[in-house]
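Since the structure comes first, as structure tokens, the remarks are kept for the end.
The values are calculated or read from the model by the stated rules, or taken from the named source; none is laboratory data. If you're wondering where the values come from, they're calculated on a predicted model, not measured in any experiment. Because the Cβ atoms are built from the backbone with ideal geometry, glycine has one as well, and the counts that use them run over all protein chains shown. With ligands, DNA and RNA removed, areas are computed over all heavy atoms of the protein, side chains included. Shrake-Rupley method; radii C 1.70, N 1.55, O 1.52, S 1.80 Å.
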Amino acid sequence: MALNLRQKQTECIIRMLNMNQSVTATGTANEDVYKILIYDQFCQNILSPLIHVKDLRKHGVTLYFLIDKDRKPVHDVPAVYFVQPNQSNIQRIIVDASRSLYDSFHLNFSSSIPRPLLEDLASGTLSSESIQRISKVHDQYLEFVTLEENLFSLAQKSSYVQLNDPSAGDREIEEIVEKIVTALFCVLATLAVVPIIRCPRGGPAEMVASALDQRMRDHLLSKSNLFTEGGGFVSSFQRPILCIFDRNFELAVGIQHDFRYRPLVHDVLGMKLNRLSVQGEKGGMRSYELDSSDQFWVANGSLEFPEVAVEIETQLGKYKKDVDEVNRRTGGTEGAEFAGTDLIGNTKHLMNAVNSLPELTERKQIIDKHTNIATVLLGEIKDRSLDSFAKKEDDMMVRGSIERSELLGVLRGKGTKMDKLRFAIIYLISSESINQSEVEAVEAALRESEVDTSAFQYVKKIKSLNVSLASANSASRSNIVDWAEKLYGQSISAVTAGVKNLLSSDRQLALTRTVEALIEGKPNPEIDSYIVFDPRAPKSGSGTSSSHLKGPFKEAIVFMIGGGNYVEYGSLQELAQRQQPVKHVIYGTTELLTGVEFVEQLTLLGQKMGLGNPTAASSN
């Protein structure tokens with residue numbers, strides 16, 4: 001059975017809303033029990049893409065509040081809490097219980113609550129004589145946001161900056177790794193699978209993979225094992241592969257402009273949690289939801305923008321034709337077939353027409369929605385020449401160079417400051433060798449446009465380190481490596497790998513190419529050095545290549561540390577569909593970032609290293 005993360009997480013949430021009791025086939029339980037739902041901001045983001053208000057009502061939730069808002073007592077009603085296990089939430093629960101806000105408290109934590117916090121909760125409710133109000137405490141293992149069936153985010157902000165900050169100490173790095181591991185463990189617990197873990201050597205990917213392997217091993221030895229998959233038939237159960245990467249593996253994808261519909265909507269219109277707001281055709285802002293219930297979005301999200309515009313026209317034509325057909329059959333237009341002698345036949349046509357109305361109305365709403373979104377996108381594309389940015393960046397990545405006049409022409413042409421900065425960084429990453437005078441001309445053009453060049457300088461520093469490392473003799477090389485490790489808090493090979501991973505001529509991402517090789521499991525020089533962790537194997541056996549670790553795998557989970565995007569997600573879904581038989585690939589990341597958001601993190605790192613001209617504004 002294919003791994004469906006969205007379905008599994010939704011089932012867990014529905015069970016939680018029903019006081020953690022099993023739910024009937026109709027999807028409800030305890031329908032007569034009315035309750036109040038209390039959540040924090042993080043857990044609201046978990047619920048938002050999965051559960052709508054009508055779903056809450058269906059499961060007996062009549063009121064819902066954020067935990068940090070002032071709330072009045074509601075007597076004789078149980079409250080379901082869904083919050084992160086942290087000190088402020090525990091203190092708030094103790095206060096709520098001491099004030100007897102609700103009849104009983106069903107506490108659900110998004111990840112496993114640490115023992116000290118559990119003891120604080122117990123002592124706090126004991127001292128206020130309200131412990132009898134705490135009915136149950138559950139660890140839900142839901143500390144991640146599922147946006148589509150095969151897409152999740154840990155919603156951990158600025159992880160790229162935190163992991164690459166030159167001033168970050170070992171303790172801070174360990175805390176971030178621990179946070180990522182906790183959330184990844186929740187994903188695997190929800191899916192109830194123990195994967196084979198693969199990752200490149202060095203850097204955050206190996207740190208996370210190693211810590212996750214240890215966490216899984218410890219848990220598999222405990223009595224309350226969440227991973228009962230396969231039971232006694234582990235040998236016949238095909239386990240998935242979990243491939244862990246770090247954003248530096250392929251830096252360019254996080255920065256590039258893309259001309260496909262889903263990445264454009266995210267990058268240009270700022271879609272968050274499957275929702276976005278755009279200017280309506282008749283003025284005023286319109287809010288839209290884009291998820292798996294929108295068939296047009298599912299079918300056309302990976303198409304180039306011009307193809308999407310054509311598809312909208314096609315759908316509109318089909319809709320008009322179907323409406324005309326209904327009108328013709330029911331006598332709504334000239335040439336209608338309505339005749340008194342055929343009353344039964346016409347009644348049948350009328351019934352069919354009435355039945356088809358909801359479907360036609362829904363189709364029209366979807367067409368109107370995407371017409372509105374495409375119109376706003378087209379305005380942005382024209383104003384900022386986004387098609388030109390996307391094409392020229394793609395050409396640079398394939399050819400490894402660009403004409404100087406063309407390069408400077410783009411930097412002095414249309415586009416926001418951030419568009420130009422992203423283009424300049426792609427020029428740096430794609431260039432096979434650094435031409436000093438050309439780079440200085442690019443910097444001058446950026447300064448002309450009052451662009452903060454900190455991010456550009458940061459990538460230039462990484463690039464120059466890479467060049468120095470390649471040309472240095474062995475004696476000076478160790479000094480560069482020492483300096484780089486102090487500067488970046490990780491091995492130089494991990495930092496500079498992203499500079500080397502260019503798009504191949506068939507435009508397949510390095511990430512997709514590597515995942516394909518890992519799924520196939522055949523000998524391949526690109527992945528032969530990758531580490532293998534098998535949490536089910538004896539510790540000494542981890543890292544070895546047993547036959548069951550090699551694949552081919554039917555299912556894969558690909559996780560990107562430091563920020564992911566819809567370009568990688570789309571590329572991996574295309575890979576899954578291309579395989580024979582079709583594979584199943586889930587893509588996850590610490591946070592989903594637009595190109596602007598990622599470059600802002602690079603800017604911050606540049607500023608921390610004292611690079612660039614931070615006085616210039618770069619937000620536009």
Probe 1.4 Å, all chains present, heavy atoms only: Lys179 accessible area in Å², nearest 10, is 110
Could you tell me, in Å, what Rg and Dmax come out for the Cα atoms of the stretch 64-109?
9.8, 27
Short version: ³J(HN,Hα) in whole Hz for each residue of the stretch 102-112, in order, from phi by Karplus 6.51 cos²θ - 1.76 cosθ + 1.60 (θ = phi - 60°), x for Gly and Pro, what are they?
9, 5, 8, 10, 9, 9, 10, 9, 5, 9, 4
Could you sort Glu432, Glu600 by accessible area so the largest value comes first, with the probe set to 1.4 Å?
Glu432, Glu600
Integer Hz, Karplus 6.51/-1.76/1.60 couplings in order for the stretch 253-262, x for Gly and Pro:
4, x, 10, 4, 7, 10, 10, 8, 4, 4
For Leu611, distant residues with modelled amide H under 5 Å away
none
Roughly how many Å is it from the Cα centre of the stretch 568-584 to that of the stretch 155-194, as a whole number?
26
A correct Karplus calculation of ³J(HN,Hα) over the stretch 12-18, with 6.51 cos²θ - 1.76 cosθ + 1.60, θ = phi - 60°, whole Hz and x for Gly and Pro, returns 4, 5, 5, 4, 4, 5, 9
Would you kindly find the accessible area of Lys608, with a 1.4 Å probe and non-protein molecules such as ligands, DNA and RNA excluded, rounding to the nearest 10 Å²?
100
Peptides ranked, highest mean first, by Cβ atoms within 10 Å: ranges 166-173, 202-209
202-209, 166-173
Of the listed pairs Lys69/Lys179; Lys54/Lys320; Lys460/Lys583; Lys392/Lys460; Lys272/Lys369, those with alpha carbons more than 28 Å apart are Lys54/Lys320; Lys460/Lys583
Whole-number accessible area per residue in Å² for the stretch 135-242, which is evaluated in the context of all protein chains at 1.4 Å:
40
Mind jotting down the three principal axis lengths of the stretch 82-208 based on Cα atoms? Whole angstrom, largest first.
53, 37, 22
Whose amide H sits under 5 Å from the amide H of His59, counting only residues 5 or more places off or on another chain, with H placed in the peptide plane?
none
For Tyr319, Tyr64, give me the order by solvent-accessible area with a 1.4 Å probe, most accessible first, ignoring ligands, DNA and RNA.
Tyr64, Tyr319
Per principal axis, largest first, the Cα atoms of the stretch 153-217 extend in Å by 38, 25, 17
If I compute solvent accessible area with a 1.4 Å probe over the protein chains, what percent of it on the stretch 5-103 is carbon and sulfur?
50
Rounded to a whole %, the carbon-and-sulfur portion of the accessible area of the stretch 180-316 at a 1.4 Å probe is 54
Express the C-alpha Rg of the stretch 370-465 as a ratio against the empirical globular expectation 2.2 N^0.38 Å, rounded to two decimals.
1.13
Accessible surface, 1.4 Å probe, highest first, among residues Asp324, Asp368, Asp70:
Asp70, Asp324, Asp368
For the stretch 122-170, what is the charge dipole size about the Cα centre, in debye to the nearest 20, if Lys and Arg each add +1 at the Cβ and Asp and Glu each add -1 at the Cβ?
260
Amide H neighbours of Leu147 under 5 Å, at least 5 residues apart or on other chains, H built in the peptide plane: list them.
Phe152, Ser153
Rounded to whole Å², per residue accessible area for the stretch 51-111 with a 1.4 Å probe reads 45
I'd like the accessible area for Lys382, computed on protein heavy atoms only with a 1.4 Å probe and all protein chains in place. Round to 10 Å², please.
130
Over what distance in Å are the Cα centres of the stretch 54-129 and the stretch 256-304 separated?
36
